[in-house]
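Novice: Here it is, the structure, as structure tokens.
The values are calculated or read from the model by the stated rules, or taken from the named source; none is laboratory data. Please read all numbers here as calculations on a predicted model, not as lab measurements. For neighbour counting, all protein chains shown are included, and Cβ atoms are generated from backbone atoms with ideal geometry for every residue, glycine included. Heads up: the accessible areas ignore ligands, DNA and RNA and are worked out on the full protein's heavy atoms, side chains in. Shrake-Rupley method; radii C 1.70, N 1.55, O 1.52, S 1.80 Å.
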Amino acid sequence: MQSLLEEILDEVRPLLGRGAVANYIPALAEVDPGQLGIAVYGVSGKTWQAGDAQTPFSIQSISKVFSLVQAIQHSGEGIWSRLGYEPSGQPFNSLVQLEFEAGRPRNPFINAGALVICDINQSRFAAPTLSLRDFARRLCGNPLIVSDAKVAASEYQHRARNAAMAYLMQAFGNFHNDVEAVLHSYFHHCALRMSCVDLARAFAFLAREGHCLHSDEQVLSARQAKQVNSIMATSGLYDEAGNFAYRVGLPGKSGVGGGIVAVVPGRFSVCVWSPELNAAGNSLAGIAALEKLTERIGWSIF
Ligand code: DON
């Protein structure tokens, strides 16, 4: 596995320079675009890594999986009265469908859906930002995980689209807490900084039928873990979920910081990071690396 990861990074390195780092959040645009890392965490607890696998980066939308899991933990199937689990076929920050569908987001991974999940968690936790950070720390066993206050502030300053979604949902009666307070929590979740190694470890419970090895915690039931994986497979990469299924064939979740996490149920979880994105807002070299990985190991969920 070790030499395979190094080979894959060497093969995708020529793609660096072909994408563009996210700049709609100005603080994210400051990242060095030439970085590339990958980490694999096997279900029995072994880690393999290559490249910049230990460099923390902004996890952005990858945090939406953590907040969804928290919501499932305390509210179970009840959350589906507020949003769906169908793919949207639209960009992650689209407002169009939300108006047509009366303020009920298609799924928890587009921004509108993640905001509803944050609203649900806001009603439940006294300090939602800290609860999510501590949850991420527990899942990966790294007590040093923190949220980048500068990135969160930059997102808040440029919040117009996310705020528009949240206020539209409020107008439809599908938002219960103060919009600005929920946006604050959401941006702090997105601004968490974690490395490929941290994220591969943190997602391992989804490859282990809901059980987290370090904390020896049953995070979700096996059935709930399967459900989260299925939503990642159909919506984790937004309007590029079909391309990701076709090329990679695994449940995955991307973020505009350039990270992508994928799960091989029963075998391992993997995180790849390269900050330059393609037109759909997903890591360009990251998708290519995962495609090579599933090709080489000859395994996908399909
Ligand atoms: O709300 C936003 O737009 C960002 N904080 C997160 C978007 C994101 O990561 C989309 N993923 N590819």
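Novice: Lys292: net charge of surrounding residues, Cβ under 14 Å, Lys/Arg +1, Asp/Glu -1, itself excluded?
Specialist: Charge balance near Lys292 sits at -3.
Novice: Shifting gears a bit: Carbon and sulfur atoms: what percent of the 1.4 Å accessible area of the stretch 113-209 do they account for? Let's see the in-between values first.
Specialist: Numbers: 1970 of 3760 Å².
Taking all protein chains in place, the stretch 113-209 shows 52 percent carbon and sulfur surface.
Novice: Continuing with this model, one more query. Could you give the length gained on full extension between Tyr246 and Glu101, defined as 0.36 nm per residue of separation minus the Cα-Cα distance, in nm?
Specialist: That works out to 49.4 nm of additional length.
Novice: Roughly speaking, what is the stretch gain from Ala29 to Gln54, that is 0.36 nm per residue apart minus the C-alpha to C-alpha distance, in nm to one decimal?
Specialist: Separation in residues times 0.36 nm, less the Cα-Cα distance, equals 7.0 nm.
Novice: Still on this structure: Angle check, please: helix 2-12 long axis (alpha carbons) against the longest principal axis of the chain (alpha carbons), in degrees 0 to 90, nearest 10.
Specialist: Compared with the principal axis, the helix lies near 70 degrees.
Novice: Can you list, bin by bin at 10 Å, the percent of alpha carbon pairs in the stretch 112-227, starting at 0?
Specialist: 14, 36, 35, 15, 0
Novice: Within the stretch 57-76, whose backbone N sits under 17 Å from a point 7 Å along Cα→Cβ of Arg223?
Specialist: Flagged as within label range: 72-76.
Novice: Please check: in the Gaussian network model of the chain (C-alpha springs, under 10 Å), which one of Asp216, Asp178, Asp119 has the largest mean-square fluctuation.
Specialist: Of the options given, Asp216 has the highest mean-square fluctuation.
Novice: If R0 is 41 Å, what FRET efficiency do you get for His74 and Lys46 from their C-beta distance, rounded to 0.05? Intermediate results must be reported in sequence, preceding the final value.
Specialist: Numbers: r = 32 Å, r/R0 = 0.78.
My answer for the efficiency is 0.80.
Novice: Return the sequence-ordered ³J(HN,Hα) values of the stretch 92-100 in whole Hz as given by the Karplus equation 6.51 cos²θ - 1.76 cosθ + 1.60 applied to θ = phi - 60°, using x for Gly and Pro.
Specialist: Residue by residue, the stretch 92-100 yields 4, 10, 6, 9, 4, 5, 4, 6, 4 Hz.
Novice: Follow-up question, since we're still on this one. Stretch Phe125-Arg267 to full length: gain in nm at 0.36 nm per residue minus the Cα-Cα span?
Specialist: This chain segment gains 47.8 nm when fully extended.
Novice: Still on this model: Tell me which cysteines of the chain come out unpaired when the rule is another cysteine's Cβ under 4.7 Å.
Specialist: Isolated Cys, the chain: Cys118, Cys140, Cys190, Cys212.
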